Structures are given as structure tokens and as C-alpha cells.
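The values are calculated or read from the model by the stated rules, or taken from the named source; none is laboratory data. Predicted model only: the values in this text are computed from it and were never measured. Methodologically, a virtual Cβ is constructed for each residue, glycine included, from the backbone with ideal geometry; neighbour enumeration extends over all protein chains shown.
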Amino acid sequence: MTEQMTLLVNSHTQSVLAAATLRGQSGSDLEAADLVGEGLEIRNPADGQVLLEVEPDELEVKTADLLGDVLLQPRAYALVDDQPALQISTPGIIKTGTGVRVTYSALPAGEKAKVWVQLEGGFQDERFVLTAEGTSGGTSVDINHTLPAGTFEALVLVTKHKATVAQI
Amino acid sequence: MSDRIERPVFFEGQVLGASDLESSVEYGRGHMARHERYLHTWGIAYGLELSGEDRERNSTKYKDITVSAGVASDGTGRQIVVPESERLDPELFLDLNIAREGAWHPVFLVGRDEDPAAEPLIETTCGTTQPRRKVEGYEITFGRPGDELELDEQTSPAASGGPDGGWKVLLGFVKWNSTIERFSDLADSSGGIGRRYAGALADEVVARGGVLSLRSAAATENGKPIVVVDEADGGKLQFGLQTNGVVQPVFTVKASGDVAATGTITGKLTTGVVYVESGVAYDGMLVPLPAGITEDDVEAGQVVLHVSVTPRYPGSPKPSGAGNWIPIVAECLAVGRRVRCRYLWTKDLTVAPTYVNGACDYLVVAYVPASSGSTS
């Protein structure tokens, strides 16, 4: 039997955010909270500081045939037809006068990109989760949301793109 | 005492009156009603299913709903027979003045005695006509949303009583469209309350052929759960799904005490047992608990948890660019069950290092100390 791995993916975009293997049980028996507790920590690799925490409600547990590279860099993968596929495109994010603009590479004809953004920070240390859907053939989407003043850490997820952490 | 049951008896030459013959019928009727009432639970015995056909009125879709033929037994012990399928009457629903748009209204079957429409009647000595039959009729009616919650508050007759009428048997639910005055939808259940099926009241069930079966559906329906008590092999209890009426056991208890299960058995933790899980986990997540151990067990102190993480080589992909990249562990530890794992890659020990989050190997050991769990 092919060895399996367990993936934590964002429910909205199917972006992979973490991966694991389990020898003693099937990962499909687990809930996201079993593997992240109150939240999956997204950390700054340079100093280990926790930048964002993704709540289990935003995550799904999926299983797939074991692929070693997914374990080492899960955030470079997204599920396509329920199988992890390495992505090369990276989305971008900037603040606008009315919210944020997420830019991305155009998806194949007829496909609309789903966008999910988590922002944490600002002067009052707040957390926002924003979602949107792009147009067919589109390469950006504006999400209107009044952001308080200050700098935010942003986790940006877009269909068939790498997960990206940026500061805006 | 008037509540005592009287059985009619006859003798040769007796002049039989109508009351004598009537009491003969009532004796059997009452006997059957008490059996139904006290040895069975009330509900649908057969059929009486709601089905709808899509129709259109004023360009609005609605459903023409029918109750199929069937039999029910009510809480008074009355048997209610619907001999042929019957359409739910929108006019009756309208007359009841109970409509609430978008809400599920219960559909009830109510048994009642009726006089026959015409024949057979007989002329009495006084010249009047009397019916020679009673029709064991019924009414299909509707309730307000929530009336289904009061079904169990209906009152049964006294112990010696015969079957009464007026008891409501729930058949399903309908929705109403006030604009076109037609039913818009139907359902078997609403808010966890569904069609009530007749059952048995018994403190003992005894098989005659050596095998006692308990099924969730008829034996002809494959893939449905079944429990079997079987005298074969010295006696055994089996549970599984049925195929052609025969249990495919996933759990068996033999009279000798042997227990066999094809799945996982979980229960109270056993003292002294060690549970283990291992694998690979990524930075920021929790290492999983071993199968059979829950977060509640950990928080309650029922298990002692040992978590060990060790770096992988490589634990992250090599950066792009030619040269002799060297991975160095920047951080690899578990804080509780939370993985903290980072690597740095350096080239020839001269180029500024590149930090990345990465994966590590983990081992989780859960031990049930003697102060908790049960001994085996």
C-alpha cells in the first residue's frame, strides 16, 4: 500500500499550509484542531517569531500519496484535483485606499481564482480574514475593507499559487 | 364494576338482541385494542408514505402530494387502514387557517368511526332506518408547525377501554405556498422528529429457530446493520452489515468469552499501556496524539506525554544556486506538542545564511500511569 501523508489545506483556496506523516493511524480520522490546536503558527524563518495564526476553522485535513518534497516545503503546493501540485507563481498584496489589492498570475481559461487573505497586526493588534473571487482571466482583485492604521503581516493564498507571507 | 371485561355467552333458545351481538363484536375489538396498545408502540405499520409530483400554477412550481395506501396503529389500539392512495387536499389545509409560509406543517392520520354513505341500512320495527355497518374511517389532516412536539402528550384510554378515535399518527411534513395556495414541499422529518413507526413493547424476545436477529431494515436490503444472537458454535453475538439477510460480522463475542473485532476498539485507558505515534511534522503545527489518546486525556492528566523531535537532513529544500550548500539546524524543539523547526543554509560558510521553516521527525509516547485508567 502506498504510504500516505496528511495535509492541512486552506478550505477556500486548497493551498497547502503544513504536512505530516503518521505511522500509527490514518490522518483522515483527524480534525484540523487535532493538528493545530488553537491555530497553525506561521513563523518568520529568520527569527522564529510567530507572524500569524490560522484558526482550525479555516483549515481542512486531507490525505494524499506521500511525496517527500511536500513535507519539506508544503506552502509551495496547492491541491489540484485533490493531489498536491507544486506551484511556481507567487501572489502579491498591497494596501489601497479602500482595502487591499491581491495580484496573481492568470489561471487557465475559464477558471476564477479564489483569494483568501489573513491580516494580523496594526496598532491594536487585530486579525482580519478576507476572501474574494477573481474574474475569469483576471490577474488582480480588490478587497474592500477598512483597515486600521499600522503595519500588518499578511498571509496571502490564491488558487494554484504558493502561499505567501508579506508585510503591508 | 363497569370497567370489568364482560364476555358474552349464549344458550340454546336464547332470543338474541342487537346488544348481544354488539357485545360479541366489542369484546373482540376491545381485546385486540388492548393488545395493540400495551404490547406495541403506536405508529405506521405499513406504507402511508408521502410523495409529491411536480406541478405548475401561475408559473410557480408546486407539489401535488399523495399519501400511499397503508396501515397504522394508534395509541388507543385502533387499527387505521388507508385502502388506496389519497391526495392531500389543499382546500382542507386552507380551511384550517394554519398556514405559515416556509414552515413545516405536520401531516396527521386520525382514525374515526363513520356512518356509511348509503347502504346497507335496515328498516326497524318503528319504521326508521339504522345503519348495519360502521366504517372504520380516517381523516388526513394538518397541524400547526410545532404540533408534532405534542404527539406524546395524547391520552390513552383506560386499561379496560377499547379503541377510541382522535389519536394523531404523524405521516410527515408539508410546506405551503400562500401565493398559489398549494403545497410547495414535503419531508419525512423536521427538527429531528419524523414519521413514527409502530414497534413492540417486550421485556423478553425469544427465538424459536436458534437465531435471533435485530435489523435496521428488511432482510432484503443489503448493507444495513444487523445484530444476531446465534446458538451456533456454542453461542455467539455478532454485529455487522447484512448481505442477503446474513450478517457479515465485524464484531463477534463468543460464549467462551472470546471477542473478535475487525476494527479498532477504544475504551477506558489501560494502566501501564504505552501508546506511540511517530512520523514527520512541519513547523508551526502540533504533533498528533497516538490513536486512542485524546486531548481530554492529556488535559485530565490521565496520560503522561513524552514528545521528542529530531532534525531531518535535509529538513527543507536546498536553496537555488550552485555551490556546496550546507544545512544547519537553527531551531528544532517541541513546545508542548507544537513543532518549532527552522534551518539555515549556508554556502561554503562564507555566504550569508538563508533561513527557512522546515520539517522534523517526531516521536510521541503516551504512558498511562498506575494512578489513572483501569487495570487489565
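Looking at the stretch A:52-164, the strands (runs of 3 or more DSSP E) lying wholly inside it that each contain 3 or more residues that are of a type in the set (Val, Ile, Thr) and in contact with a strand residue (DSSP E or B) (Cβ under 7 Å, 6 or more places away or on another chain) sit at A:99-103. Considering the stretch B:359-376, the residues that are modelled with pLDDT of 95 or more and not hydrophobic (A, V, I, L, M, F, W, C) include one that is nearest to B:Pro314 (Cα to Cα), namely B:Asp361.
Applying the selection to the stretch B:321-333, what residues are crowded, with 19+ Cβ neighbours inside 10 Å and either within 9 Å of chain A (Cβ to nearest Cβ) or among the hydrophobic types (A, V, I, L, M, F, W, C) (or both)? Result: B:Ala330, B:Glu331, B:Cys332.
Please verify whether B:Thr346 is surrounded by 13 or more Cβ atoms within 10 Å (Cβ to Cβ), more than 22 Å from A:Val54 (Cα to Cα), more than 8 Å from chain A (Cβ to nearest Cβ) and polar (S, T, N, Q), treating the condition exactly as stated. Yes; evaluated as a whole, the condition is true for this residue.
Going by the conditions given, is A:Leu59 surrounded by 15 or more Cβ atoms within 10 Å (Cβ to Cβ) and in contact (Cβ under 8 Å) with a residue 40 or more places away in the chain?
When the stated conditions are applied, A:Leu59 passes them.
Inspect the stretch B:299-320 for any residue being exposed (fewer than 14 other Cβ atoms within 10 Å of the Cβ), more than 24 Å from A:Gln25 (Cα to Cα) and without any contact (Cβ under 8 Å) to a residue 40 or more places away in the chain and give the result as yes or no. The answer is yes; a qualifying residue exists.
Among strands (runs of 3 or more DSSP E) entirely within the stretch B:251-320, having at least 1 residues that are touching a Cys at 6+ places or on another chain (Cβ under 8 Å) and more than 9 Å from every other protein chain (Cβ to nearest Cβ) singles out B:304-311.
Within the stretch B:240-273, the set of residues being of a type in the set (A, V, I, L, M, F, W, C) and either within 28 Å of B:Leu289 (Cβ to Cβ) or more than 23 Å from the chain's Cα centre (by Cα) (or both) comprises B:Val250, B:Phe251, B:Val253, B:Ala255, B:Val259, B:Ala260, B:Ala261, B:Ile265, B:Leu269, B:Val273. For the residues B:Gly47, B:Gly13, B:Gly52, the requirement of being within 26 Å of the chain's Cα centre (by Cα), on the phi > 0 side of the Ramachandran plot and small (Gly, Ala, Ser) singles out B:Gly47.
Of all residues in the stretch A:128-161, those satisfying the criterion of being surrounded by fewer than 16 Cβ atoms within 10 Å (Cβ to Cβ) and over 24 Å from A:Val80 (Cβ atoms) are A:Asp142, A:Asn144, A:His145, A:Thr146, A:Pro148, A:Ala149, A:Gly150, A:Thr151.
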